[in-house]
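Visitor: Sharing a structure with you now.
The values are calculated or read from the model by the stated rules, or taken from the named source; none is laboratory data. Please read all numbers here as calculations on a predicted model, not as lab measurements. Virtual Cβ from ideal backbone geometry, glycine too; neighbours counted across all protein chains shown.
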Amino acid sequence: MSPPSIASDQRRCAHPPRPTALLIAALIGLALWLQLPLLAAEEDAEEPVPDPLSLEQALSFSQDHPRVRAALADASKPPERPLSLPPRPQPLYLGCHSLAYSGARASDATRDVAWSPLLDSESAQELEIMQRFFDVLLADLSFARDNEAMAVAYIQFDRAEARGELGQFSALQIAALQAKYQLIRRQRAAAEAAQRVTRSLLAGALGHPESLPRDLVTPELDLQLSEPPGLDQVVARALDQNPRVKALMKDANEAEQALIRAALREQALELLTRLDLLAVVAEHARTESDWRDLKLDESRTLYELEATSDLGYSMSQQTKARRDERKTAFCQRLTQAELNALQGLAP
């Protein structure tokens, strides 16, 4: 059984049915399901991408990506005919710089992507795959969050309309709840669409744009990250081991080499600082998640005693807290991978 489609939801919105106990349970139960994209066209084609797909399997596609092959071919071209490739699209959800620097500029496209001009083509492709992979997982978690929130808002609106017929709710109160429901329903529709868009971006990063991955294996992330190296150590290792940096330094004059070193040091400093900030963000996310778990237990107890009816709201808030916790963990892993790649190490 699948969650209701947007079309059927529109028909119900005009005059939704009264919720029975079974309907309420079914709506809250939507939180347990993820509506993955319908890929009928792709099902008939050969699937070169494993299903389910793990992060390790996804990263193995980087070597044969057209962008990597094109960069290798470009190395043999005359300097006056440089390769011009289309830019990589921005991820939809995972912007680790913005997450770490809350309150900074609303959008920083250069800092919110994992790839960098200081990386060779294969390392950049691996980082793009990792960021796209995490973006899909966040899209699924976002849909689960909005799915739960929509179920709760629908129940509140439907109950208010029923009580309005008894004179217990005013038309203004009902309209306010309906507007809230429609807003969350709109967010849910966008989250559902994002599930397909993020999968399309991941498929492109894998080099198989017509084979959208459906099931992704959530990686086990070690939240106890090792102590990062010092800034001078990162810069020295990058100058010695990063193939892209070494190539740039080889063909550069003294002034250009100074600029490359400065850019390298700046990027290393930003990544190290981001790791420190994300550790603080992770602590806040864990605290929020623990609180929401306790709040859900309290709401469940009160619900069973028929003392309150906000169980659905507590469930949706718990899902949101867990999504935020996972997002922070993804950013910690991705930032560490960026730092490794900058030093010429495997992400």
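Visitor: Regarding region 200-210, can at least one residue be identified that is modelled with pLDDT under 90 and either assigned to a loop (DSSP other than H, G, I, E, B) or over 22 Å from Gln90 (Cα atoms) (or both)?
Guide: Filtering region 200-210 for residues modelled with pLDDT under 90 gives none.
Checked against the condition, which is being modelled with pLDDT under 90 and either assigned to a loop (DSSP other than H, G, I, E, B) or over 22 Å from Gln90 (Cα atoms) (or both), region 200-210 yields no hits at all.
Visitor: Considering only residues of region 142-174 that are among the aromatic types (Phe, Trp, Tyr) and in a helix (DSSP H, G or I), which is nearest to Leu271 (Cα to Cα)? Working first, answer last.
Guide: So the first thing to find is which residues in region 142-174 are among the aromatic types (Phe, Trp, Tyr), and the list is 143, 154, 157, 169.
Applying the additional criterion that residues be in a helix (DSSP H, G or I) yields 143, 154, 157.
On the way: Phe143: 30, Tyr154: 43, Phe157: 46 Å.
Going through the qualifying residues, I end up with Phe143.
Visitor: Of all residues in region 231-269, count the ones that are within 29 Å of the chain's Cα centre (by Cα) and not β-branched (Val, Ile, Thr). Talk me through it step by step, then tell me what you get.
Guide: Filtering region 231-269 for residues within 29 Å of the chain's Cα centre (by Cα) gives 231, 234, 238, 242, 244, 263-269.
Next cut, not β-branched (Val, Ile, Thr) only: 231, 238, 242, 244, 263-269.
Residues meeting the conditions: 11.
Visitor: Which numbered condition trips up Ala139, out of (1) of a type in the set (Gly, Ala, Ser); (2) modelled with pLDDT of 95 or more; (3) outside any helix (DSSP H, G or I)?
Guide: Failing condition for Ala139: (3).
Visitor: Still on this structure: Select from region 215-245 the residues that are more than 30 Å from Glu325 (Cβ to Cβ) and either of a type in the set (A, V, I, L, M, F, W, C) or surrounded by 15 or more Cβ atoms within 10 Å (Cβ to Cβ) (or both) and list them in ascending order.
Guide: Narrowing region 215-245 to residues more than 30 Å from Glu325 (Cβ to Cβ): 232-233, 235-245.
Once the filter is applied, which keeps residues that are more than 30 Å from Glu325 (Cβ to Cβ) and either of a type in the set (A, V, I, L, M, F, W, C) or surrounded by 15 or more Cβ atoms within 10 Å (Cβ to Cβ) (or both), region 215-245 yields Val235, Ala236, Arg237, Ala238, Leu239, Asn242, Arg244, Val245.
Visitor: Something else now. Any idea which of Leu137, Leu166 is of a type outside the set (Lys, Arg) and over 30 Å from Arg214 (Cα atoms)? Write out each step before concluding.
Guide: On the way: Leu137 fails: over 30 Å from Arg214 (Cα atoms).
Of the residues listed, the single one that is of a type outside the set (Lys, Arg) and over 30 Å from Arg214 (Cα atoms) is Leu166.
Visitor: Return yes when Val197 is at pLDDT 95 or above, under 20 Å from Arg323 (Cβ atoms) and either among the β-branched types (Val, Ile, Thr) or loosely packed, with under 14 Cβ neighbours inside 10 Å (or both) and no when it is not.
Guide: Numbers: at pLDDT 95 or above: yes; under 20 Å from Arg323 (Cβ atoms): yes; either among the β-branched types (Val, Ile, Thr) or loosely packed, with under 14 Cβ neighbours inside 10 Å (or both): yes.
Yes.
Visitor: Anything in region 231-252 that is without any contact (Cβ under 8 Å) to a residue 12 or more places away in the chain and not in a helix (DSSP H, G or I)? List them, or say none.
Guide: Asp251, Ala252
Visitor: Would you confirm, using the coordinates I've provided, whether Gln257 is of a type in the set (S, T, N, Q), closer than 22 Å to Leu339 by Cα and surrounded by 15 or more Cβ atoms within 10 Å (Cβ to Cβ)?
Guide: Details: of a type in the set (S, T, N, Q): yes; closer than 22 Å to Leu339 by Cα: yes; surrounded by 15 or more Cβ atoms within 10 Å (Cβ to Cβ): yes.
So Gln257 fits the description; yes.
Visitor: Oh, and also: What pairs come out if I take residues in region 146-175 that are over 26 Å from Lys320 (Cβ atoms) and pair them with residues that are hydroxyl-bearing (Ser, Thr, Tyr) whose C-beta lies under 8 Å away, six or more apart or interchain?
Guide: Between residues of region 146-175 that are over 26 Å from Lys320 (Cβ atoms) and residues that are hydroxyl-bearing (Ser, Thr, Tyr), the close pairs are Gly164/Ser170.
Visitor: Here's a follow-up. Only one of these is within 30 Å of Gln57 (Cα to Cα) and in contact with a Cys (Cβ under 7 Å, 6 or more places away or on another chain): Arg244, Arg274, Arg237. Name it. Step through it out loud before you land on a result.
Guide: Details: Arg244 fails: in contact with a Cys (Cβ under 7 Å, 6 or more places away or on another chain); Arg237 fails: in contact with a Cys (Cβ under 7 Å, 6 or more places away or on another chain).
Step by step, each of Arg244, Arg274, Arg237 is checked, and only Arg274 is within 30 Å of Gln57 (Cα to Cα) and in contact with a Cys (Cβ under 7 Å, 6 or more places away or on another chain).
Visitor: Within region 313-327, does at least one residue satisfy the condition of being among the aliphatic types (A, V, I, L, M), modelled with pLDDT under 95 and assigned to a helix (DSSP H, G or I)?
Guide: Quick first cut of region 313-327, residues among the aliphatic types (A, V, I, L, M) only: 315, 321.
Now restrict to residues that are modelled with pLDDT under 95: 315, 321.
Adding the requirement that they be assigned to a helix (DSSP H, G or I) leaves 315, 321.
Yes: one or more hits.
Visitor: Run down Leu269, Leu275 and say which single residue is crowded, with 17+ Cβ neighbours inside 10 Å, part of a helix (DSSP H, G or I) and modelled with pLDDT of 90 or more. Don't jump to the end; show me each part of the working.
Guide: Details: Leu269 fails: crowded, with 17+ Cβ neighbours inside 10 Å.
None of the other options fit; the residue is Leu275.
Visitor: Looking only at helices (runs of 4 or more DSSP H) that fall completely inside region 11-128, which ones have 1 or more residues that are at pLDDT 65 or above and surrounded by 16 or more Cβ atoms within 10 Å (Cβ to Cβ)?
Guide: On the way: elements: 21-29, 40-43, 55-59, 66-74, 96-100.
It comes to 55-59, 66-74, 96-100.
Visitor: What single numbered condition from (1) modelled with pLDDT of 75 or more; (2) among the acidic types (Asp, Glu); (3) surrounded by fewer than 17 Cβ atoms within 10 Å (Cβ to Cβ) fails to hold for Glu288?
Guide: (3)
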